[in-house]
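*Asks:* Here's a structure for you.
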């Protein structure tokens, strides 16, 4: 009996503080989750500085080779798989060796988001052109995006960080002279029936200008393009992402013409508020004309926009569906993109092939497969993909190491309207005057009163507003 009384008393004593609210609990808050890795504009500027220190970097030159090695070293340091797209380009100056560099960040789902820039510089006879903004700035920003996204962990979709060679024309810009690297990569993906693996392409060009004024490039996919402007406003950078339109033939163009939703982020008022700007393609394109702050702004806007684009892609794929992943894939697009013969890096890559889903590739479609639906729906005249001769079971062609696939003739899916505004009369020294350039898509354009400014350097376009395919011998 006494035992029961003692227990009841102890219980009463223990409950009294609870009733009176006197018991103190450990209210130490849990530590917040670590912030995602952030873009570092100063580190990007140091990469641009390192590229400029190499000197001029025109395609096929020793400077271009050094730039390629620097990019590869930076990507390997980050821990990305590096692929090399080596080819020989026919140019007005003869055959030139060129090489695109691709850093691969595998994602959780099939499908690839391409973020690209060009690293080569313009040949300007009698002058030294270092291309701090036109070549180095975009490359540096993409390198820093690769570091940042790798540090954030496995993304939803795979990312390819593509560094294009041969963007600049060797002579005067034309449909056959310029954007060699992007044309070659798209042609190779088309030959392998692998273009459907690309979900979108984002290009960074001339984005280091101290007076940053990124314009709405009119041939870019409007819905995705406007997401970047939305992010810029949300981050307080509305003064750097201006509402004016400009039309520029650039490395996004082959992707857009192949049906890939592409966006070109470009400041085409370099040095002043004229198009293309007083420093464009002049020896004045030096390090003092670019800033870490401008690189920081663009990097922050891109990182804020990528999740929005991923969600948009996710909605599209949930409606249309895509083919299941294959169990295995041959080496990345065959030997044609693994490096040239005699290239030690390329040989090592060929010796250690990856499975396709590790680099974001889905299986190539069968020759009689029904075309996939897209959002918005494709044009009715789109043709069914056919597997190229020599394809393996997965549809990958093992291209001979000493040959580069010839780009096939391609008909544009949809004609584009021509703008009403006449181009400027003044012509640049190194390129012909432009014909009327295609206007931005009317369906997605909100401000019809904003004029489309077509720079006079852009190549002349045939009727229909799209460039013809590269010539095939």
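*Asks:* Read through the list (1) modelled with pLDDT under 95; (2) closer than 20 Å to residue 49 by Cβ, then give the number of the only condition that residue 74 fails.
*Replies:* Going through (1) modelled with pLDDT under 95; (2) closer than 20 Å to residue 49 by Cβ one by one, residue 74 breaks only (1).
*Asks:* Sticking with this one: For residue 323, indicate whether it is surrounded by 14 or more Cβ atoms within 10 Å (Cβ to Cβ), modelled with pLDDT of 95 or more and more than 30 Å from residue 130 (Cβ to Cβ). Please lay out each step first, then the result.
*Replies:* Working: surrounded by 14 or more Cβ atoms within 10 Å (Cβ to Cβ): yes; modelled with pLDDT of 95 or more: no; more than 30 Å from residue 130 (Cβ to Cβ): yes.
So residue 323 fails the test.
*Asks:* State whether the residues of segment 107-130 include one that is out of contact with any strand residue (DSSP E or B) (no Cβ under 7 Å at 6 or more places or on another chain), assigned to a strand (DSSP E or B) and touching a residue at least 24 places away in the same chain (Cβ under 8 Å). Let's see the steps before the verdict.
*Replies:* We begin by selecting, within segment 107-130, every residue out of contact with any strand residue (DSSP E or B) (no Cβ under 7 Å at 6 or more places or on another chain); these are 108, 110, 120-130.
Next cut, assigned to a strand (DSSP E or B) only: 110.
From what is left, the residues that are touching a residue at least 24 places away in the same chain (Cβ under 8 Å) are 110.
Yes, there is a match, as at least one residue in segment 107-130 is out of contact with any strand residue (DSSP E or B) (no Cβ under 7 Å at 6 or more places or on another chain), assigned to a strand (DSSP E or B) and touching a residue at least 24 places away in the same chain (Cβ under 8 Å).
*Asks:* Could I ask something else about it? Quick one: which of 181, 171, 166 is modelled with pLDDT of 95 or more and part of a loop (DSSP other than H, G, I, E, B)?
*Replies:* Values: 181 fails: part of a loop (DSSP other than H, G, I, E, B); 171 fails: modelled with pLDDT of 95 or more.
Every option except 166 fails the conditions.
*Asks:* Can you tell me how many residues within segment 261-289 are at pLDDT 95 or above, assigned to a loop (DSSP other than H, G, I, E, B) and either in contact with a helix residue (DSSP H, G or I) (Cβ under 9 Å, 6 or more places away or on another chain) or farther than 27 Å from residue 55 by Cα (or both)?
*Replies:* The number of residues fulfilling the criteria is 7.
*Asks:* A further question follows. Taking into account only those residues within segment 217-234 that are over 16 Å from the mean Cα position of the chain (by Cα) and either part of a strand (DSSP E or B) or crowded, with 22+ Cβ neighbours inside 10 Å (or both), which is modelled with the highest pLDDT?
*Replies:* Out of the qualifying residues, it is 232.
*Asks:* Okay, next question. So residue 308 clears everything in (1) buried (at least 23 other Cβ atoms within 10 Å of the Cβ); (2) in contact with a helix residue (DSSP H, G or I) (Cβ under 7 Å, 6 or more places away or on another chain); (3) closer than 27 Å to residue 236 by Cα except one condition, right? Which one?
*Replies:* Of (1) buried (at least 23 other Cβ atoms within 10 Å of the Cβ); (2) in contact with a helix residue (DSSP H, G or I) (Cβ under 7 Å, 6 or more places away or on another chain); (3) closer than 27 Å to residue 236 by Cα, only one is false for residue 308: (1).
*Asks:* Let me ask another. Please state which one of 198, 185, 206, 212 is closer than 17 Å to residue 295 by Cα and touching a strand residue (DSSP E or B) at 6+ places or on another chain (Cβ under 7 Å).
*Replies:* 206
*Asks:* Of 153, 171, 138, 181, which residue is out of contact with any helix residue (DSSP H, G or I) (no Cβ under 8 Å at 6 or more places or on another chain) and free of Cβ contacts under 8 Å to residues at least 24 places away in the same chain?
*Replies:* On the way: 171 fails: free of Cβ contacts under 8 Å to residues at least 24 places away in the same chain; 138 fails: free of Cβ contacts under 8 Å to residues at least 24 places away in the same chain; 181 fails: free of Cβ contacts under 8 Å to residues at least 24 places away in the same chain.
That would be 153, the only listed residue that is out of contact with any helix residue (DSSP H, G or I) (no Cβ under 8 Å at 6 or more places or on another chain) and free of Cβ contacts under 8 Å to residues at least 24 places away in the same chain.
*Asks:* Only residues in segment 39-55 that are at positive phi count as the first member; pair them with residues that are in a helix (DSSP H, G or I), Cβ under 6 angstrom, at least 6 apart or cross-chain, and list the lot.
*Replies:* Pairs found: 55/63.
*Asks:* Only one of 37, 44, 59, 67 is at pLDDT below 95 and surrounded by 10 or more Cβ atoms within 10 Å (Cβ to Cβ); which? Quick ask: steps written out before the conclusion?
*Replies:* Numbers: 44 fails: at pLDDT below 95; 59 fails: at pLDDT below 95; 67 fails: at pLDDT below 95.
On inspection, the qualifying residue turns out to be 37.
The values are calculated or read from the model by the stated rules, or taken from the named source; none is laboratory data. Being a predicted model, the structure only gives us computed values, none of them experimental. Methodologically, a virtual Cβ is constructed for each residue, glycine included, from the backbone with ideal geometry; neighbour enumeration extends over all protein chains shown.
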